[in-house]
Every structure is written in structure tokens, then in C-alpha cells.
1. Read through the list (1) in contact (Cβ under 8 Å) with a residue 40 or more places away in the chain; (2) surrounded by fewer than 16 Cβ atoms within 10 Å (Cβ to Cβ); (3) among the hydroxyl-bearing types (S, T, Y), then give the number of the only condition that T305 fails.
2. Somewhere in the range 140-159, is a residue over 15 Å from R225 (Cα atoms), within 20 Å of the chain's Cα centre (by Cα) and of a type in the set (D, E)?
3. Pick from L238, L244, L279, L257: which is touching a residue at least 40 places away in the same chain (Cβ under 8 Å), touching a Gly at 6+ places or on another chain (Cβ under 8 Å) and more than 29 Å from S37 (Cβ to Cβ)?
4. Among the residues of the range 155-177, how many are surrounded by fewer than 14 Cβ atoms within 10 Å (Cβ to Cβ) and closer than 19 Å to I187 by Cβ?
5. Taking V200 and the conditions (1) at pLDDT 95 or above; (2) assigned to a loop (DSSP other than H, G, I, E, B), which numbered condition does it fall short on, given that it satisfies the others?
6. Just for the range 184-231: of the residues that are of a type in the set (A, V, I, L, M, F, W, C), free of Cβ contacts under 8 Å to residues at least 60 places away in the same chain and over 30 Å from L244 (Cβ atoms), which one is least open to solvent (accessible area, probe 1.4 Å)?
7. Here is a list of conditions, (1) away from ligand 2 (no atom under 16 Å from the Cβ); (2) on the phi < 0 side of the Ramachandran plot; (3) modelled with pLDDT under 95, and C191 meets all of them except one; can you say which number that is?
8. Collect the residues in the range 100-154 that are over 26 Å from P190 (Cβ atoms), assigned to a strand (DSSP E or B) and open to solvent by 50 Å² or more (accessible area, probe 1.4 Å), keeping them in residue-number order.
Amino acid sequence: MADHYEVLGVTRDASADDVKKAYRRLARELHPDVNPSPDAEDQFKLVTHAYEVLSDPVKREQYDLGPQAAFSGNFSGFGDFGDIFSTFFGGSSSAGPRSRRERGQDALLILELDLADVIFGVERSIDIETAVMCETCAGSCCQPGTEPLTCSICGGSGVIARAVRSLLGNVMTQAQCGSCNGFGTVIPHPCSACAGRGRVRATREVTIDVPAGIDDGSRLQVTGRGEAGPGGGPNGDLYFEIRLRGHEEFSRSGDNLLCTVDVPMVQAVLGTTMTFAALDGEAELEIKPGIQNGDVVTLHKRGVTHLRGNSRGDLLVTINVVTPTKLSSKEKELFSVFADARKPESPQLTKIRHGRFYKKSRNFFS
Ligand SMILES: [Zn+2]
Ligand SMILES: [Zn+2]
């Protein structure tokens, strides 16, 4: 683990003020809203953690004493007593003021995709209305050049003691200081750009890498692209719920794609090769002579790319044999000649064809 002093670039005897200044300078440079590189985000977390430790006198002392001290600190009875105290009498047992710095909220958005988008995956850029860190004050909430002042009512502790009657007599309990709302400091000159909130509304462009094979209803997480927290706090996360738009000609069954192609009767009898527009480009369909209505032709690896792995599902084409309805007198004559050439045929009851998996699955899923 990196040394907190080194991370902030200050000496071990740096004053609280030096630590704060060093943090503010680094935060301005590394905050994910200002610096989009993933490296900067990791740095920002490191720097923020270092600041959290070194800005708290108790934590800093423990840190200076080394891990042994921090460990034994967990066993000091006082904290436990505080918890019991609060369980019985209410009030806050946590010593010290609360931080203005909070993590931003997560957000859930709907992302509509076409079937063609999920075959190979797609990259989408979306403008999102959200809160971003105020660049004027770098999230400090103070007008540049000014500082928060220690609250004069609570002396910086964020809490005020008050006596409460109980079964055990009068008990001293703690309540949040109303003057500073528990922050321990007041901001005499709030930043005018963000009205002292440390963040402003803005439109942020977010790029989403949608993986191939993603299914309707799945959620994608984009870490650290949610709204910025108040007081320079870290960003929340964004979640996208996938909605697949229906397609007029193609449907999906797992990673297979399904469609139906009309084949004129004559071609069904004689066989042919036809091309049609699949979702990923032109597809060649071989019609074997004597193909039947409802037969399924499989075009291997022309379906959706599997979510895990590079292989693809198949495109299952159901054949719809189309009987001509309008015939010229010449055509009619030719069909009569053809009919005469065959031995007399009469209609037969069709036997139910079992084991036609593809045909059944199509009816089931579509
Ligand atoms: Zn501001
Ligand atoms: Zn106060």
C-alpha cells in the first residue's frame, strides 16, 4: 500500500492546512469529471483515501504509529460503549463532524437496441443530464480563495450535548449541531458557481460498450459515470437496462436468429440458389429441388455472437412455398400439360411430422 504522505506529496510533519491544500490541488487534477483516464480515477481514489486518513487527527496519529496501533485501536472499549449508549438513549455515538463529501447517486437508464446491434455488439454514446463536480471550487463548496470556518456553536465537533430525562435520571446525549448541520464548519462565502453545493447540473457524454449477445432485460454497469457526489464526493455508477426493439422480419431464439423466406413454387420444385438481405449482410440460400413448405434451412454461424466466446449462433430460415395465383393462358396450358404427364393424383391426409425441432421451436419462441 502506498504511503499516504507520498501520495499527497507532503512531508510527515505537514500541517493540516498543507494536507488540505495538497489534496485540493490533486483532486482538481484527477477528479473523474475533469480527467477521464482510468489511471486518473485510480489515483483519485488513492489520493482521496490518503486525505481521509491524514485529515482526521485520530486516524493520522494511528497511521503514524503504524499498523500495530491501528489494530489495537479496534479493541479500545470506548467506541463499543458509544454504540451501546446510542442503542439505549438514541443520538449519535459517532464522534466528530460529518463530511460534506458524499458519494453521488447511481442512476438506472433504459438503452434501446436493435436486433442488428446485438449480433456483433455496438458502441453507443449518450448525452446524460447529471450532476458533475463544480470546476470553480473543485467540489470544496467555497468561493475560490476562501475557506470553511470552524462552527462557533459546536466548536467544530458537529454535535451539541443535551440532557435527556430517562429512567436512569438525566443523561447527556448528543444531537446534530443545527448551526452547521453537523459539518463542524460553516462556509462564509459559498462558491457562486454551484451555490455552495460543490456540484452543478451538466450534460455528460457517456460511451457504452454493448457486448455482442446481450439479452433483453440485462443490465450493464458503467462504473463512476453516475452523478457526482456533493462536496467533491466520488461519482455514483450508471446502469443501463437493455430493451431489444422488435424486428419486422427477424426474431431471436437464444443466439439463433429466425426468419421466413418466400420461395416461388416452381423454384421449390426445381431447386435454385437465392440471395436475401440478412441482418449482417447478404445471405445465400440453397433451395434443394423438392423442398417442402415449412422446411428449415440452417445458415451456420449467421446468428448472434455468443456473449461468452467469439462463436456465433445460426440463422434458421423457414421456407414458405408460394403457389402462383395469377396465371397467363400460356402458363395455365403448361401446368395442364404437366398435370397430364403425372399419373392421376388425389389429395391425401397429411401424416403429422414429428421431430421437427426447428419448426416447433419457432412456433414456441416467436
Ligand atoms: Zn462551486
Ligand atoms: Zn456546529
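1. (2)
2. Residues of the range 140-159 that are over 15 Å from R225 (Cα atoms), as a first pass: 140-159.
So of that shortlist, the ones also within 20 Å of the chain's Cα centre (by Cα) come out as none.
Checked against the condition, which is being over 15 Å from R225 (Cα atoms), within 20 Å of the chain's Cα centre (by Cα) and of a type in the set (D, E), the range 140-159 yields no hits at all.
3. Values: L238 fails: more than 29 Å from S37 (Cβ to Cβ); L244 fails: touching a Gly at 6+ places or on another chain (Cβ under 8 Å); L279 fails: touching a Gly at 6+ places or on another chain (Cβ under 8 Å).
After applying the criteria, what remains is L257.
4. 1
5. Result: V200 passes all but (2).
6. Of the residues in the range 184-231, the ones of a type in the set (A, V, I, L, M, F, W, C) are 186-187, 191, 193-195, 200, 202, 206, 208, 210, 212, 214, 220, 222, 228.
Still in the running and free of Cβ contacts under 8 Å to residues at least 60 places away in the same chain: 186-187, 191, 193, 195, 222.
From the residues that got through so far, the ones that are over 30 Å from L244 (Cβ atoms) too are 186-187, 191, 193, 195.
On the way: V186: 50, I187: 36, C191: 1, A193: 54, A195: 64 Å².
Among them, the one singled out is C191.
7. With respect to (1) away from ligand 2 (no atom under 16 Å from the Cβ); (2) on the phi < 0 side of the Ramachandran plot; (3) modelled with pLDDT under 95, C191 is out only on (3).
8. If the condition is that a residue be over 26 Å from P190 (Cβ atoms), assigned to a strand (DSSP E or B) and open to solvent by 50 Å² or more (accessible area, probe 1.4 Å), then L108, L109, I110, E112, E123, R124, S125, D127 are the ones that fit.
The values are calculated or read from the model by the stated rules, or taken from the named source; none is laboratory data. In this text the structure is predicted, and so the values were computed from the model without any measurement. Cβ coordinates were reconstructed from backbone atoms using ideal geometry, including for glycine residues, and neighbour counts include every protein chain displayed. When the accessible area is computed, the model is the full protein with side chains, heavy atoms only, and any ligands, DNA or RNA have been set aside. Shrake-Rupley method; radii C 1.70, N 1.55, O 1.52, S 1.80 Å.
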